[in-house]
Amino acid sequence: MTMHPGERKKVFVKTYGCQMNVYDSGRMQDALENDGYQNTEVLEEADLVLLNTCHIREKAAEKVYSEIGRLKKLKEQRSATNRPMTIGVTGCVAQAEGSEILKRAPAVDLVAGPQTYHNLAGIVRRAELGERVVETEFEIEEKFRQLATATPKQTRSRGVAAFLTVQEGCDKFCTFCVVPYTRGAEVSRPVSQIMDEARKMVAAGVREITLLGQNVNAWHGLGADGREWRLGELLRELATVDGLERLRYTTSHPVDMDRGLIEAHRELDCLMPYLHLPVQAGSDRILKAMNRHHTIDDYRHVIGMVREVRPDIAISGDFIVGFPGESDEDFEATLDLVREIGYASAFSFKYSTRPGTPGADMENQVPEPVKGERLQRLQALLNEQQEAFNRDCIGQEMVILLEKPGRKQDQLIGRSPYLQSVIVDSSLGVPGDMVHVRITGAAPNSLSAKPV
Ligand code: SAH
Ligand code: SF4
Ligand code: F3S
């Protein structure tokens, strides 16, 4: 491979982990594009490979090292040409492990934590000149300021449903979780920045915005009326943006579900009837050991209030099985809670011991086979509930936001208000259209529909 005069260097970004990483990867690509790089989906032709990593569970963190192993071979082949390959690790593994990564994986040229991306172009340049760079400072305000510098073309490429980060970091310190260490303290983006970015997105064709934050409902900021706003007020303000059809937000913490936010679900038609509200476990004893700051009754109460203002709301959640000290009885309580609440969808995980978190030093770690068995039972129940929720949609009329063409001809894929993927039998319409459909079929992970 050779570099031709005038040719732009190419960057390949691989994203792991949560939606925040998806959003960050997009903004990193925008920033590098403004600095002369071109995005590529073809790994082999990349001059710069960035792995935007996740540290949440051991498996997620280990994936990075096997990927670096594969990249190392490519990099070696390229070193004989005039077109070397630079390898960078960004995201939460970068923040958590820092220079350790350079020691463990000599093929890596740069390590940049999630709050250094406003300097990414400079970091990359230094690495290309031969320095092995490690940047893990927390400079969140700087990062936020730089986020919205994308061109209209870049914004258009974000599609019709896109993410917008409004809050980053976490002060909750659940005893199992690395996020407070990898993303730092809770910081909210100012209202004006959020509104600017939202308007740009809508002008570029975005119809649905999902507000992102590690604790999105802990967002707060000075409002246009001079008062301190919380997420409910921000949603009301966003709802006034012409052409913005739909709003969502994720991920919420039960203790930050305040009245104003719950009332927004009653008032705002554009706020979709879907709430991702992780509870993690069904017993108060385990919630306390997890440092979740609330009880099962508090959680029930919040769900009750949300269902009162929006009876059709789809509830989703996250669960961890096998947290240290979790007994059979505690686990049965989780199953009972799931039966009581009824989830439209959910994510569930085996507890993974994370170095540096309090959970790692707790006694009574649950044996792997027990975790495995509990996870199977929980997932069987959650899958059943998801299928039942989807089945109940058959016959209903809904408005779908069309997102992309389907795999077959005369099919379009869209999203329901309840975040289900919907395959519409029709070639009438383009991404961005809101179409009325009747649901005609349900599968575990999608619905099918006909236009009405
Ligand atoms: N901020 C969000 C969740 C962020 S992490 C919240 O508070 O709900 C996403 C999910 O990963 C968590 O909800 C939890 O279910 C899971 N998770 C986090 N740390 C974990 C660990 N050490 N082992 C297993 N699952 C974990
Ligand atoms: Fe992690 Fe808990 Fe913070 Fe969520 S609230 S990011 S689970 S520490
Ligand atoms: Fe993973 Fe970091 Fe997100 S640890 S889940 S990428 S905040």
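The values are calculated or read from the model by the stated rules, or taken from the named source; none is laboratory data. If you're wondering where the values come from, they're calculated on a predicted model, not measured in any experiment. For neighbour counting, all protein chains shown are included, and Cβ atoms are generated from backbone atoms with ideal geometry for every residue, glycine included.
Here is how the numbers come out for the structure above:
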{"item": "Selection from the range 29-63 of residues that are within 18 Å of Met85 (Cα to Cα) and hydrophobic (A, V, I, L, M, F, W, C)", "result": "Leu32, Val42, Leu43, Ala46, Leu48, Val49, Leu50, Leu51"}
{"item": "Qualifying residue in the range 100-123 (condition: acidic (Asp, Glu), away from ligand 2 (no atom under 16 Å from the Cβ) and closer than 30 Å to Lys200 by Cβ)", "result": "no"}
{"item": "All positions within the range 427-444 that are under 25 Å from the mean Cα position of the chain (by Cα) and either outside any loop (DSSP other than H, G, I, E, B) or loosely packed, with under 13 Cβ neighbours inside 10 Å (or both)", "result": "Met434, Ala443, Pro444"}
{"item": "Residue check, Gly317 of a type in the set (Gly, Ala, Ser) and within 30 Å of His265 (Cα to Cα)", "result": "yes"}
{"item": "Pairs where the first residue, in the range 162-178, is closer than 18 Å to Gly113 by Cβ and in contact (Cβ under 8 Å) with a residue 60 or more places away in the chain and the second is among the β-branched types (Val, Ile, Thr) and within 11 Å of ligand 3 (Cβ to nearest atom), C-beta under 8 Å, 6+ apart", "result": "Cys177/Ile56; Val178/Ile56"}
{"item": "Residue in the range 303-312 that is in a helix (DSSP H, G or I), over 20 Å from the mean Cα position of the chain (by Cα), of a type in the set (Asp, Glu) and under 21 Å from Arg248 (Cβ atoms) present", "result": "yes"}
{"item": "Failed item in (1) of a type in the set (Lys, Arg); (2) in contact (Cβ under 8 Å) with a residue 24 or more places away in the chain; (3) touching a Ser or Thr at 6+ places or on another chain (Cβ under 9 Å), with Lys350 passing the rest", "result": "(3)"}
{"item": "Filter result (in a helix (DSSP H, G or I), within 13 Å of ligand 1 (Cβ to nearest atom) and in contact with a helix residue (DSSP H, G or I) (Cβ under 9 Å, 6 or more places away or on another chain)) within the range 177-206", "result": "Val179, Tyr181, Thr182"}
{"item": "Test: residue in the range 360-374 that is in contact with a Phe, Trp or Tyr (Cβ under 9 Å, 6 or more places away or on another chain), in a helix (DSSP H, G or I) and buried (at least 17 other Cβ atoms within 10 Å of the Cβ)", "result": "yes"}
{"item": "Boolean, Ile209 is at pLDDT 95 or above and either surrounded by 22 or more Cβ atoms within 10 Å (Cβ to Cβ) or closer than 11 Å to Gln167 by Cβ (or both)", "result": "yes"}
{"item": "Criterion (within 16 Å of ligand 1 (Cβ to nearest atom) and under 23 Å from the mean Cα position of the chain (by Cα)) met by exactly one of Leu271, Leu275, Leu287", "result": "Leu275"}
{"item": "Pair list, Cβ < 7 Å and 6+ apart or interchain, from the range 242-262 residues that are among the charged types (D, E, K, R) to residues that are surrounded by fewer than 17 Cβ atoms within 10 Å (Cβ to Cβ) and assigned to a strand (DSSP E or B)", "result": "Glu245/Met434"}
{"item": "Residues within the range 211-227 that are closer than 17 Å to Gly26 by Cβ and in contact with a Ser or Thr (Cβ under 6 Å, 6 or more places away or on another chain), tallied", "result": "1"}
{"item": "The range 239-270 - residue that is in a loop (DSSP other than H, G, I, E, B) and among the charged types (D, E, K, R) and, of those, farthest from ligand 3 (Cβ to nearest atom)", "result": "Asp242"}
{"item": "Those residues of the range 120-168 which are modelled with pLDDT of 85 or more and over 21 Å from Ala94 (Cβ atoms), in sequence order", "result": "Gly159, Val160, Ala161, Ala162, Leu164, Val166"}
